[in-house]
Amino acid sequence: MLKGKTVLLGVTGSIAAYKIANLASMLVKLHADVHVIMTQNATNFIHPITFETLTQNKCLVDTFDRNFQFEVEHVSLGKKADIVMIAPASANVIGKLACGIADDMLTTTVLATKAPVYVSPAMNVTMYENAIVQDNLEKLRKFGVHVIEPAEGFLACRDSGKGKMPEPEVLLNYIEREIAFEKDLAGKKILITAGPTREAIDPVRFLSNHSTGKMGYAVARAAMLRGASVTLVTGPTQIAPPPFVDVVSCMSAADMADAVLSRKESQDAFVLSAAVADYTPLHTAAEKIKKSEGEQSLALTNTVDILKTLGETKKDNQFLCGFCMETEDLLARAEEKRIRKHADLMVANNLKEEGAGFGTDTNVVTIFSKDGKRSLPKMSKEEVAHELLNEIIK
Ligand SMILES: Cc1cc2nc3c(=O)[nH]c(=O)nc-3n(C[C@H](O)[C@H](O)[C@H](O)COP(=O)(O)O)c2cc1C
């Protein structure tokens with residue numbers, strides 16, 4: 001995912017420095033070219049050899065080191081970088097950056113780059129709350145540096161509070177969002193539905209379906225990485241939602257319809273991948289039985305057809321993509337649904353093919369639009385998500 005991208009990691013004198021080995025390793029696995037610059041004090045916490053082994057690049061510490069091929073390294077690295085991530089960022093380095101001081105390799109390189117700079121403060125809670133540190137962070141924000149909010153918790157100094165560097169996975173999320181994809185959806189608002197819905201039939205039992213949410217979550221993540229503002233309306237799932245998306249949790253089909261329809265005015269596009277089953281026939285049958293037994297009727301309400309409602313009311317400049325799962329006549333029904341529900345795209349999810357449908361990491365889909373149909377080979381749900389977004393952008 002990061003092939004061809006150069007990530008510059010700046011490591012400073014904080015106990016959290018050891019965690020950056022993990023971040024470097026994750027970045028290398030994603031095929032990024034990773035360079036690490038350490039402050040002299042950081043070498044007390046982790047040895048440069050660790051980073052050199054992981055990245056296969058020389059780890060720079062000393063601005064005046066002569067042991068490298070001839071290039072003015074702080075300038076060439078600053079130019080080469082697609083992103084600079086300073087993590088952990090000590091109070092000292094934050095202060096130096098805020099004042100434009102360039103007295104070591106890291107601070108000098110930061111002044112010599114036009115790449116986006118991220119700073120992840122890590123320190124004792126009292127240091128973090130110190131007014132001078134806060135003022136320095138504010139100054140960095142003012143100059144366009146991205147400051148990553150530290151986490152709260154038990155700190156290495158045995159105090160509890162704010163000041164913990166977020167885990168490497170979280171830092172990786174920031175890097176991926178910044179550089180993984182071209183921002184061809186910047187400024188667009190996309191609402192995505194995902195997962196199953198549940199209809200309570202009594203206080204204990206419910207009717208639901210096998211949807212895991214993987215396909216919708218993949219679309220949400222892909223859209224976020226391409227710069228869209230994403231709202232993910234999701235039924236109950238077992239998977240973590242993607243970072244940097246606005247998550248709206250719901251349970252029943254009626255909840256989901258409310259969540260979507262109350263937000264419809266402000267969206268540029270909708271991708272409805274949630275499996276919202278229509279239980280009306282079951283409901284009717286159950287009601288008859290209950291009534292004949294003299295019991296109270298079930299609390300199930302008829303399902304609002306979210307796709308159809310959106311299709312009938314959407315504005316000309318709004319784009320609507322639905323998903324369709326059928327066990328019989330899939331392709332014919334998908335095209336019929338696209339037309340009847342006024343969708344711009346209908347994605348037919350092939351339940352009968354191996355590697356497609358509920359719970360899998362891959363999918364086999366056919367995309368219907370007014371220009372005809374396009375069948376995609378088996379691919380990861382992430383790849384399918386990008387194909388769909390390409391269609392929407394077209
Ligand atoms: C064990 C230990 C842990 C430290 N942890 C931190 C820390 O998490 N954050 C911080 O700002 N300073 C921490 N310091 C203090 C810095 O290492 C010190 O301010 C140093 O001058 C920072 O240098 P640098 O900013 O050039 O890396 C720690 C010091 C020690 C001895």
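Some observations on this one:
- Loop-located GluC sites (Glu not before Pro) in the stretch 1-101 whose Cβ has at most 15 other Cβ within 10 Å (DSSP): 71
- P(r) for the stretch 189-393, from all Cα pairs and a bin width of 5 Å, is 1, 8, 16, 19, 21, 16, 9, 5, 3, 1, 0, 0 %, short bins first.
- The chain: proportion of alpha-carbon pairs further apart than 38 angstrom, %: 36 percent
- Phi-based couplings in Hz for the stretch 19-31 (Karplus 6.51, -1.76, 1.60; Gly and Pro marked x): 5, 6, 4, 5, 5, 4, 5, 4, 5, 4, 5, 8, 6
- Sites listed here are chymotrypsin sites (Phe, Trp or Tyr not before Pro) in the stretch 58-152 whose DSSP assignment is loop and whose Cβ has at most 15 other Cβ atoms within 10 Å: 64, 68, 70, 143.
- Cα pair distances exceeding 30 angstrom across the stretch 6-179, given as percent: 10 percent
- Among 129, 328, 169, the largest mean-square fluctuation in a Gaussian network model of the chain (Cα springs under 10 Å) belongs to 328.
- Within the listed set 131, 253, 334, the residue fluctuating most in the Gaussian network model of the chain (springs between alpha-carbon atoms under 10 angstrom) is 131.
- Violating pairs (Cα-Cα greater than 18 angstrom) within the set 5/114; 96/162; 308/337: 96/162
- Choice from 206, 244, 45 showing the highest fluctuation, given a GNM over the chain with Cα pairs closer than 10 Å: 206
FYI, it's all coordinate maths here, none of it is from the lab. Since the structure is predicted, the reported quantities are computational estimates derived from the model, not experimental observations. Glycine gets a Cβ as well: all are built from the backbone with ideal geometry, and neighbour counts include every protein chain shown.
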